[in-house]
Amino acid sequence: MISAFVASYGYTTVFLGTLLEGETILIAAGFAAHRGLLDWRLVFLVAMLGATLGDQIAFLLGRWKGTALIRRFPFLVQQKPRVDRLLQRYNVLFVLGVRFLYGLRIAGPVLLGSSGMAVWRFALLNTLGAALWAALITAAGYAFGEAIASLLSDLKTIEEALLLAIVVAGLAFWLWRTLRAQRKNRSESDAAKR
């Protein structure tokens, strides 16, 4: 059942998943590529396109409405000094690696857009960073498949359970992070009101 879903909708899921975060989806897709359900080259390409587009949209949103977004979302206010500091200190490396930094996958491009960075420069570095990210995360999923296959002689029998476990673990982690961030924002808002 899951294998049929992956074969039918895998590339679409990778694209949509990588528009926002996507590590879990991409690891699962790398595993599916190892199992022969998806072509790893297409997984890489689709993930790179989704990640590039998602961050480019966030950057342009930051360029267009950055000040209003920063005022509206306390998380962006908290991350702005960190982004400014990292941008000044590491410039190119920071833009290339922003998608690898915890808490900055969405906030980073928005704040970079509000920083006045040239659109063409961000687009170039964003594309390179997305290619690196897509290659590494896809390879991690593929390597996970290799490791499991070397440990288990009949991986086919648990293939679907493993795919489901990867997705469920990723969703649980995402939910935990989201709830934790909301709780933190609520307590900071309450503290500011006092």
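The values are calculated or read from the model by the stated rules, or taken from the named source; none is laboratory data. Since this is a predicted model, take the numbers as computed values, not measurements. Cβ atoms come from the backbone with ideal geometry, glycine included; neighbour counts cover every protein chain shown.
Please indicate, with yes or no, whether at least one residue in segment 56-75 is at positive phi and free of Cβ contacts under 8 Å to residues at least 12 places away in the same chain. Working first, answer last.
To start, the set of residues in segment 56-75 that are at positive phi comprises none.
Checking segment 56-75: not a single residue is at positive phi and free of Cβ contacts under 8 Å to residues at least 12 places away in the same chain.
Assess whether Gly30 counts as being within 26 Å of Ala143 (Cβ to Cβ) and surrounded by fewer than 23 Cβ atoms within 10 Å (Cβ to Cβ). Walk me through it before giving the result.
On the way: within 26 Å of Ala143 (Cβ to Cβ): yes; surrounded by fewer than 23 Cβ atoms within 10 Å (Cβ to Cβ): no.
No; evaluated as a whole, the condition is false for this residue.
So Leu19 ticks every box in (1) modelled with pLDDT of 90 or more; (2) over 17 Å from Gly116 (Cβ atoms); (3) surrounded by fewer than 23 Cβ atoms within 10 Å (Cβ to Cβ) but one. Which box is left unticked?
(1)
Among the residues of segment 34-48, write down those that are at pLDDT below 90 and not in a loop (DSSP other than H, G, I, E, B).
Result: His34, single match.
Conditions: (1) under 28 Å from Leu162 (Cα atoms); (2) without any contact (Cβ under 8 Å) to a residue 60 or more places away in the chain; (3) polar (S, T, N, Q). Thr18 meets all but one. Number of the miss?
The one condition Thr18 does not meet is (2).
Run Gly30 past the list (1) over 19 Å from Gly129 (Cα atoms); (2) part of a helix (DSSP H, G or I) and report the number of the one that doesn't hold.
(1)
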